[in-house]
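Encoded as structure tokens, the structure appears first; notes follow it.
Taken together, the values in this text are just the output of simple stated rules run on the coordinates, not laboratory data. Since the model is a prediction, treat every value here as computed from it, not as a measurement. Ideal geometry is used to build each Cβ from the backbone, glycine not excepted, and the neighbour counts take in all protein chains shown.
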Amino acid sequence: AQSVSQHNHHVILSEAASLELGCNYSYGGTVNLFWYVQYPGQHLQLLLKYFSGDPLVKGIKGFEAEFIKSKFSFNLRKPSVQWSDTAEYFCAVIYNQGGKLIFGQGTELSVKP
Amino acid sequence: DGGITQSPKYLFRKEGQNVTLSCEQNLNHDAMYWYRQDPGQGLRLIYYSQIVNDFQKGDIAEGYSVSREKKESFPLTVTSAQKNPTAFYLCASSIATENTEAFFGQGTRLTVV
């Protein structure tokens, strides 16, 4: 079955620490990949996306993600987190055949000032 | 303003009653989605539609029904058969042919008492 898995449910970091959130998806043909963020009380918003080309993609607010096709992974990274990055982060995959958009379980990030 | 409107923001219903959640978009998107968000479970896909008059079941369609009679509207009915209907429901839309990122509404919190 098509699925997306995020390894970390809750991550707690101090400001300036580096961040890496894991995301793996099941094989299902060609995919487009996304990371969304949900700040407390706000809509889901797009952080970054990968469709094709350079597997290292840069998004807003200093986030980046690397697509590793052989590992079916799309991990999110940020070199130095800030208190304002406290939010829930969702990895999502759309399988191009059929257009099914699936999300992972989410990772809650808490950044201590 | 272009966007996705979900109404109402909060909804209360008695157990055993069907309830319909509204989702309207003026983005001219072909694809629309319904998700349920529960703590620790991420966004789970209920139904999605790539085109008017067509829709597919997602991963947790049991107890729900949808219709797609107009491009801009994708209402979700939570039926009395849904065993645990209290949840936060999110509607999204995207450009189907390009499998691009989805844009989200503000959500409806349904409480069944």
Choice from B:R36, B:R13, B:R68 with maximal GNM fluctuation in chain B (Cα, 10 Å cutoff): B:R13
Amide H proximity to A:N75 below 5 Å, modelled H, separation 5+ or other chain, gives A:C23, A:E66, A:I68
In whole Hz, with x marking every Gly and Pro, tabulate ³J(HN,Hα) for region A:44-52 from phi via Karplus 6.51 cos²θ - 1.76 cosθ + 1.60, θ = phi - 60°. 5, 9, 6, 8, 6, 8, 10, 10, 6
Under-5 Å amide H pairs with B:F74, H placed in peptide plane, nonlocal only: B:C23
Among A:L48, A:Y36, A:V4, the residue whose Cα sits farthest towards the positive end of the charge dipole of the protein assembly as shown (+1 at Cβ of Lys and Arg, -1 at Cβ of Asp and Glu, taken about the Cα centre) is A:V4
Mind scanning A:K71/B:K71; A:K71/B:K57; A:K49/B:K70; A:K69/B:K70; A:K69/B:K83; A:K58/A:K112 and naming the pairs with a C-alpha gap bigger than 32 Å? A:K71/B:K71; A:K69/B:K70; A:K69/B:K83
Both in Å, the radius of gyration and Dmax of the C-alpha trace of region A:6-72 are 13.2, 38
Cα convex hull of region B:1-64: mean projected area in nm², to one decimal? 5.6
What does the charge dipole of chain B about its Cα centre add up to, to the nearest 20 debye, if the Cβ of each Lys and Arg holds +1 and the Cβ of each Asp and Glu holds -1? 480
Hydrodynamic radius (Kirkwood) for chain B, which is based on Cα pairs only, to one decimal in Å: 13.9
What Rg and what Dmax come out for the protein assembly as shown when only alpha-carbon atoms are used, in angstroms? 17.4, 52
Counting partner chain Cβ atoms within 10 Å of every residue's Cβ in A:99-109, what's the average? 6
Relative contact order for chain B using alpha-carbon pairs under 8 Å, separation at least 6, rounded to a whole percent? 35
Size of region A:32-113 along its principal axes in angstrom, Cα-based, largest extent first? 42, 25, 19
Hey, got the dipole for the protein assembly as shown? About the Cα centre, +1 on K and R Cβ, -1 on D and E Cβ, debye to the nearest 20? 320
